[in-house]
Amino acid sequence: MTEVTVTLRASYFFLSYAHSPPLAGVPASAYDPWVKTLFSDLSNCVNRIGSRRLGLDPGFIDQDIPLGADWRASLLRALSSAEVFVPLYSPGYFTGSWPGREWACFELRMVNAGVRDPQQRFAPVLWSPLRPGEAPPGLRKALAIGDDEHGYAENGLRAMSRLAPYRDAYHRIVERLAGHIVDLAERGAMK
């Protein structure tokens, strides 16, 4: 099998979530479709409000890496060119090795670039409720993005994206997140 080359441009954000690495021959549809929905909604918002002059793609999600591509190399290129890291907090996020590696890689890049507080370039989201007592770094920030929306702290954004009564609140949170990403990226875009 010949390896597919993936060309990536710099992006406003890198979406990191709990999942297993893709298996050979497994179609992308095997992924969580709600993560892809969030990515699409968030990318559309970032694209609408972001500056064209920076030449950044809205976002990156590993689900867009084509079969046959060097998955790890594609992830590293995306992590090395994203301006903001968007982790989707869930119980599995903090136990899986891939999200931890993505997190560490992005954070190290920020440190090496001289960013004083690398956590400022993180825009965490509560994707699904965490285990009682679980308090990962940035949890307050993740909760603050939707603190005025009923159901967010209890259910997370994943449930809100799926349930009609929460759909408007879901879109308001996504819009707010997009604004935060654009602000972080455009204020601190690395040359």
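Brief remarks follow.
- Net charge in the neighbourhood of Phe39 (other residues with Cβ under 11 Å of its Cβ; Lys, Arg +1, Asp, Glu -1) is -3.
- As a rough guide to protection, the peptides 86-93, 162-169, 67-74 ranked by mean Cβ packing within 10 Å, highest first, stand as 86-93, 67-74, 162-169.
- At an R0 of 25 angstrom, the distance between the Cβ atoms of Arg140 and His171 translates into a FRET efficiency of 0.65.
- Expected 222 nm ellipticity per residue - DSSP helices of 4 or more, -39500 (n - 2.57), all of the chain, to 500: -13500 deg cm²/dmol
- For region 139-191, the solvent-accessible area works out to 55 Å² per residue, with a probe of 1.4 Å and every protein chain left in place.
- Pairwise centroid distance, computed over Cα atoms, of region 125-191 with region 63-89, Å: 21
- Shape call, the chain: gyration tensor on alpha carbons, a/c limit 1.5: rounded
- Residues whose amide H falls under 5 Å from that of Ala123, counting only those 5 or more places apart or on a different chain, are Phe85, Val86, with hydrogens built in the peptide plane.
- If the chain linking Asn155 and Ser97 were pulled fully straight, counting 0.36 nm for each residue of separation and taking away their Cα-Cα distance, it would gain 18.5 nm.
The values are calculated or read from the model by the stated rules, or taken from the named source; none is laboratory data. Quick caveat, the model's predicted, so the values are computed rather than measured. Methodologically, a virtual Cβ is constructed for each residue, glycine included, from the backbone with ideal geometry; neighbour enumeration extends over all protein chains shown. With ligands, DNA and RNA removed, areas are computed over all heavy atoms of the protein, side chains included. Shrake-Rupley method; radii C 1.70, N 1.55, O 1.52, S 1.80 Å.
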